[in-house]
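A short worksheet on the structure shown next.
The values are calculated or read from the model by the stated rules, or taken from the named source; none is laboratory data. Note that the structure is a prediction, hence the values are computed from the model and not measured. Positions of Cβ are generated from backbone atoms using ideal geometry, with glycine treated the same way; all protein chains shown enter the neighbour counts. Surface accessibility is based on the protein's heavy atoms, side chains included, excluding ligands, DNA and RNA. Shrake-Rupley method; radii C 1.70, N 1.55, O 1.52, S 1.80 Å.
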Amino acid sequence: MSVANFFTDRSATSVAGMLALVLGASVLLYYATAPEKKVQDFVGPPRSGYVLTNFDLDSFNEEGKPAFTLIAPHLERREGDESLYINAPDFILPSTKEADVPPWKGHSQYGWVNKDGSLLKLQGKVHMDRVAFGTTPPASIDTSEVTAWPKDNRLETAEAARIVQGTSTMEGVGMRANLDTKHLELLDAVHSTYQPRKR
């Protein structure tokens with residue numbers, strides 16, 4: 001039987017059904033053999049949730065005591081991880097144990113704070129000072145790329161550090177500090193200079 005006879009011998013409904021079946025089969029075949037769509041893997045830079053200029057930020061620990069203060073000309077809060085990116089921050093790290101111990105004050109080129117304020121990164125060059133109190137002479141630290149846990153009052157760096165306290169100077173590579181216990185430790189290539197005290 002020829003194709004022409006098939007179409008003339010069948011009703012219009014049968015022909016339409018056959019065409020729909022062929023069309024459905026061809027669509028299924030296309031989707032089964034078509035290449036997968038390319039996934040867009042470019043996300044782009046993180047977006048800012050908000051931007052602050054000329055701001056003061058105060059963070060507190062679980063006991064409600066001040067953990068740190070940041071004062072800077074520019075802050076951006078990023079969507080997603082809710083971290084803070086800060087330009088040229090001045091910072092204050094108070095003692096969490098003793099109220100009569102003056103805070104460390106300083107400056108860095110950049111700063112970063114995680115969502116809950118438990119981690120602070122002071123990036124680029126970092127300078128810190130603490131004024132004299134009691135019988136303890138003034139002190140300063142010059143280093144870079146500091147990671148701080150302000151709620152525990154600890155900080156560290158793997159970079160070169162210079163610590164001056166009174167007439168004593170210590171230099172080395174890598175530093176750990178607990179600002180509450182006043183414990184500063186240089187880890188490698190340490191050189192110290194102690195000037196005699198005036199009588």
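In µm²/s, what is D for the range 88-199 at 20 °C and 1.002 mPa s, where D = kT/(6 pi eta Rh) by Stokes-Einstein and Rh is the Kirkwood radius from Cα pairs?
Numbers: Rh = 14.4 Å.
In µm²/s, the coefficient is 149.
What FRET efficiency would be calculated for the residue pair LEU52, GLU79, taking the C-beta separation as r and a Förster radius of 22 Å, to the nearest 0.05? It would help to have the intermediate numbers written out before the result.
Working: r = 15 Å, r/R0 = 0.68.
The calculated FRET efficiency here is 0.90.
Between ASN87 and VAL22, the FRET efficiency estimated from the beta carbon spacing at R0 = 41 angstrom works out to 0.05.
Keeping every protein chain present and rolling a 1.4 Å probe, give me the accessible area per residue for the range 114-176 in Å².
On the way: 2950 Å² over 63 residues.
Per residue, the range 114-176 has an accessible area of 47 Å².
Packing-based ranking of 183-194, 113-124 yields 113-124, 183-194, ordered from highest to lowest mean Cβ neighbour count within 10 Å.
Across the range 48-93 the C-alpha pair distances fall into 5 Å bins from zero in the proportions 6, 22, 25, 22, 19, 7, 0 percent. Net length available on complete extension from TYR30 to SER59 is 4.5 nm, with 0.36 nm assigned per residue and the Cα-Cα distance removed.
To the nearest 0.05, what FRET efficiency results for GLU145 and GLU98 with a Förster distance of 35 Å applied to their C-beta separation?
Details: r = 28 Å, r/R0 = 0.80.
Between GLU145 and GLU98 the formula returns 0.80.
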